[in-house]
Amino acid sequence: SPWNIEQIEKDLQNPLSVYVLALEAQNLIGFLAFQESDFEAEVLQIAVKKAYQGQKIATALFEHLPIDKEIFLEVRESNKAALLFYQKEKFIEIARRKNYYHEPVENAIVMKRENNE
């Protein structure tokens, strides 16, 4: 689910958090937020403005994920576009979390991509 500005500001204080921005003429058109530890990374958020979707911006943002670590993420079960994108990025489903999301209540699909070393 999308974060509000307070959640993003709080996450920016975390030394493990990494933010990658997609800019056009100094305007933010997308971003990727992930946390990285010694052996793995977790995608926290990825967003691209609607007007720029379908232009491979999310793919370009994902190129900044570490290639030497397993990458994890969670996605709403109903978010078919995101699921398709993650599958194209070589993520596979490894688990489901029942009623994980709220407003509306929905299951989460946990996905993982192996390291690319």
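The values are calculated or read from the model by the stated rules, or taken from the named source; none is laboratory data. Remember, predicted model here, so these are calculated numbers, not experimental data. All Cβ positions, even for glycine, are placed from backbone atoms using ideal geometry, and neighbour counts span all protein chains on display.
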Spans of helices (runs of 4 or more DSSP H) in segment 2-117 with at least 3 residues buried (at least 16 other Cβ atoms within 10 Å of the Cβ):
57-62, 80-88
Within segment 31-40, identify whether any single residue is over 18 Å from LEU73 (Cβ atoms), charged (D, E, K, R) and at pLDDT below 95, and answer yes or no.
yes
Of the residues in segment 5-41, those that are over 13 Å from the mean Cα position of the chain (by Cα) and among the hydroxyl-bearing types (Ser, Thr, Tyr) come to SER37
Could you check segment 39-73 and list, in sequence order, the residues that are farther than 20 Å from TRP3 by Cα and without any contact (Cβ under 8 Å) to a residue 12 or more places away in the chain?
GLY54, GLN55, LYS56, GLU63
